[in-house]
Amino acid sequence: MLPGPGARKEKNVDIVVLLKQVPATESLIQVADDGVSIKTEELKWVINPYDEFAVEEALRIREAQGGSVTVLSVGTDKAVEAIRTALAMGADTGVLVNDPAALGKGALATARVLAAAVKQIPFDLVIAGQRAVDADQFQVGPAVAEYLRIPNVSMVIKTELLDGSIRCHRTIEGGTVVVESPLPMLFTTQRGLNEPRYASLPGIMKAKKKPLETKTLADFGLDAGALEGPTARIRALSPPAERGGGRIIEGESAAEKAAALVKALHEEAKVI
Amino acid sequence: MDFELSMDHEILRDSVRSFAEKEIKPVAQTLDKEETFSYDTMAKMAELGLFGIFVSEEYGGQGMDYLSYIIATEEIARVDGSHAATIAAGNSLGIGPLYYYGSEEQKKKYLPKLCSGEALWAFGLTEPNAGSDAANSKTTAVLDGNEWVINGSKIFITNGSTDISAGSTVMCRTGSREDGRPELSCILVENGTPGYTAKVMHDKMMWRSSNTSELYFEDCRVPKENLLGKRGHGFYQMMETLDGGRLSIGAMGLGGAQGCLDMTVRYANEREQFGRPIATFQANAFKLADMATEIDAARLMLYRACWLRDNEKPFSKEAAMAKLYCSEVMYRCANHAVQIHGGYGLMKEYDVERFYRDQKLLDIGEGTSEVQRIVIARHIGAKCL
């Protein structure tokens, strides 16, 4: 199923970017009347910020090596705007999997759909955000790599393309680790990888003429039954409790204030 | 009726907003304080494609509609008036007349560099003694063999004297008409032409990091071919150019008002007095509601005027109305914004202080609010002089 070396030109790197449209981080999030979802009517939708790093890195690699960048998303009609934005940034092709049966089934089902879609595109590299900032599950990227049976490197802050392989710098607790992986492979992005470019006005005009295909599960030989339902169900959703007002510790001297603070932390807050 | 913007307009707005927030907002206050035109932000705006927005691709433009240009200007004005002024004057006044009235040769010669933002072009209309009475310009151009000889001066000319200013479209008296009134024509003058001096004007109250110039012509000779369009058409060209320019001034009012509202909602929700956020007091919340309502009306009015223009329908009255209304909405919004910021609103540390100053130009530039009212009154059949 995987593309062989013959499927691509020497040196050219064909890249698939996995992209999710999410509510803008500055949006006012409100719980919907059903108590298990959020109100979406008035939300502003954007490209998941970690996926923006993925688009930018793909464009930089293509600019340096030659090749192509395909943006792939699972979503509804409104996700077209996110894909068009990526095309305006400079990606070559967009693919939207728009099928009600593919939605709302959880991260692993999404990963299966994405993997099936990636298999139809010649690729050397798949780049995904480390997580989507809406559900924060960190699952889709690595799961796609598993379904594709290719190596996965997470939380990458720097890449160096070598001959037939890639060197990735990834963050770990208190430092970075450098790993090399043969192509094809998948990596996920971490803040610091790059500074995404703006969609320029000429870019927006060029994007109008770029191909943007819409596909359904049937195009990948998947049927709705093949996708298991979500592995977790949301029982209730509530906004975090509002922060109470602060309290100023009174006292004559610094030492007295410190003593009062320690007492409050120990006896009232019970944190020390 | 369809009030929904196209997806491309939404993408454009998001991109320009994000650019303005990250590249212009952090430097706007310092540039204003130091009264400095920034070549750095100019280059970044050029790279984003903010010049030549409505010019066809054939001349290096972006080939977008006028509404796209207006949305881009609005979003830049939402964070800074000076930068929006550079764009509005660059497009409407610099590029516009060359694009609409220039010969093929003139367009090929000038537009590509103006659309790429490598160079700026100015529009010389106002004179020390000809402001609202623009038809009474004193600058003269006399044909001497194959050259125009220009004498006179222009004032308050945006983008005229930067290091990258390539020239100006100058309205001159080229003779007298049969009815005895002056014959006005537009002539292109390149910076560096002997006899032409462009001088930066300092100590402005507003738009302090945009470039404002005085232009002086002393026996300045330019080739006969530098005439823009037909001889005697200068005044009509200027009036048409201002119709479009008014939309961009409207965009500056709209964007500036939106910037005032966004900053003030945030501030009013954070600032506490009497133990609670000041937005909880109706005296403040009602001001915010009034601002939002007026901004919505201004936006509908301005976008409708753009729609008329993009659909090649008459839009002169609507452009004057939109310019007038958007300017006055920003005046009221900047006033409320400073009021809600209280003492802090009077300090340069807060952007609303700059917005309050920048706002005033909009009532004056490209036709004062009084002139807009004359234009509107005449359009509705009032016998206004």
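The values are calculated or read from the model by the stated rules, or taken from the named source; none is laboratory data. What you are looking at is a predicted structure, and each value in this text was computed from that prediction instead of being measured. Virtual Cβ from ideal backbone geometry, glycine too; neighbours counted across all protein chains shown.
Annotations for the structure displayed:
- All told, A:Ala64 falls short of being assigned by TED's automatic domain parsing to the domain that holds A:Val178, closer than 23 Å to A:Ile172 by Cα, out of contact with any His (no Cβ under 8 Å at 6 or more places or on another chain) and part of a helix (DSSP H, G or I).
- Strands (runs of 3 or more DSSP E) contained entirely in the stretch B:159-249, each with at least 1 residues that are of a type in the set (A, V, I, L, M) and over 27 Å from B:Asp40 (Cβ atoms): B:165-176, B:182-190, B:212-223
- Number of the condition not met by B:Lys154 [criteria: (1) basic (Lys, Arg); (2) surrounded by 22 or more Cβ atoms within 10 Å (Cβ to Cβ); (3) assigned to a loop (DSSP other than H, G, I, E, B)]: (3)
- Taking the stretch A:145-224 as the region of interest, the strands (runs of 3 or more DSSP E) fully inside it that hold 2 or more residues being of a type in the set (Val, Ile, Thr) and either within 21 Å of A:Val113 (Cα to Cα) or not assigned by TED's automatic domain parsing to the domain that holds A:Gly94 (or both) are A:185-189.
- Complete set of residues in the stretch B:1-25 that are small (Gly, Ala, Ser), assigned to a helix (DSSP H, G or I) and either surrounded by fewer than 19 Cβ atoms within 10 Å (Cβ to Cβ) or at the interface with chain A (Cβ under 7 Å from one of its Cβ atoms) (or both): B:Ser15, B:Ser18
Yes/no per residue for (1) touching a residue at least 40 places away in the same chain (Cβ under 8 Å); (2) surrounded by fewer than 21 Cβ atoms within 10 Å (Cβ to Cβ):
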site: B:Ala141; (1), (2): yes, no
site: B:Asn159; (1), (2): yes, no
site: B:Thr193; (1), (2): no, yes
site: B:Lys199; (1), (2): no, yes
site: B:Asp219; (1), (2): yes, yes
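- From the options A:Gly129, A:Gly225, A:Gly203, residue that is among the small types (Gly, Ala, Ser) and surrounded by fewer than 20 Cβ atoms within 10 Å (Cβ to Cβ): A:Gly225
- Any hit, the stretch B:88-96, residues being modelled with pLDDT of 95 or more and surrounded by fewer than 17 Cβ atoms within 10 Å (Cβ to Cβ): no
- Here B:Ala46 clears all of (1) buried (at least 17 other Cβ atoms within 10 Å of the Cβ); (2) under 23 Å from B:Gln258 (Cβ atoms); (3) touching a Ser or Thr at 6+ places or on another chain (Cβ under 8 Å) except the condition numbered (2).
- Note on the stretch B:55-74: among residues that are among the aromatic types (Phe, Trp, Tyr) and more than 12 Å from every other protein chain (Cβ to nearest Cβ), the one that is surrounded by the fewest Cβ atoms within 10 Å (Cβ to Cβ) is B:Tyr59.
- Any hit, the stretch B:314-326, residues being at pLDDT 95 or above, of a type in the set (Asp, Glu) and crowded, with 18+ Cβ neighbours inside 10 Å: yes
- Output for the stretch A:207-222, where each listed residue is exposed (fewer than 14 other Cβ atoms within 10 Å of the Cβ) and within 14 Å of chain B (Cβ to nearest Cβ): A:Lys208, A:Lys209
- Of the residues contained in the stretch B:82-99, one or more are found to be within 13 Å of chain A (Cβ to nearest Cβ) and in contact (Cβ under 8 Å) with a residue 12 or more places away in the chain.
- Note on the stretch B:31-48: among residues that are closer than 12 Å to B:Thr86 by Cβ and outside any helix (DSSP H, G or I), the one that is farthest from the other protein chains (Cβ to nearest Cβ) is B:Phe37.
- Sole residue being assigned by TED's automatic domain parsing to the domain that holds A:Leu217, part of a loop (DSSP other than H, G, I, E, B) and of a type outside the set (Val, Ile, Thr), chosen from A:Leu87, A:Leu28: A:Leu28
- Residue that is surrounded by the most Cβ atoms within 10 Å (Cβ to Cβ), among those in the stretch B:347-364 that are of a type outside the set (Asp, Glu) and not in a helix (DSSP H, G or I): B:Tyr350
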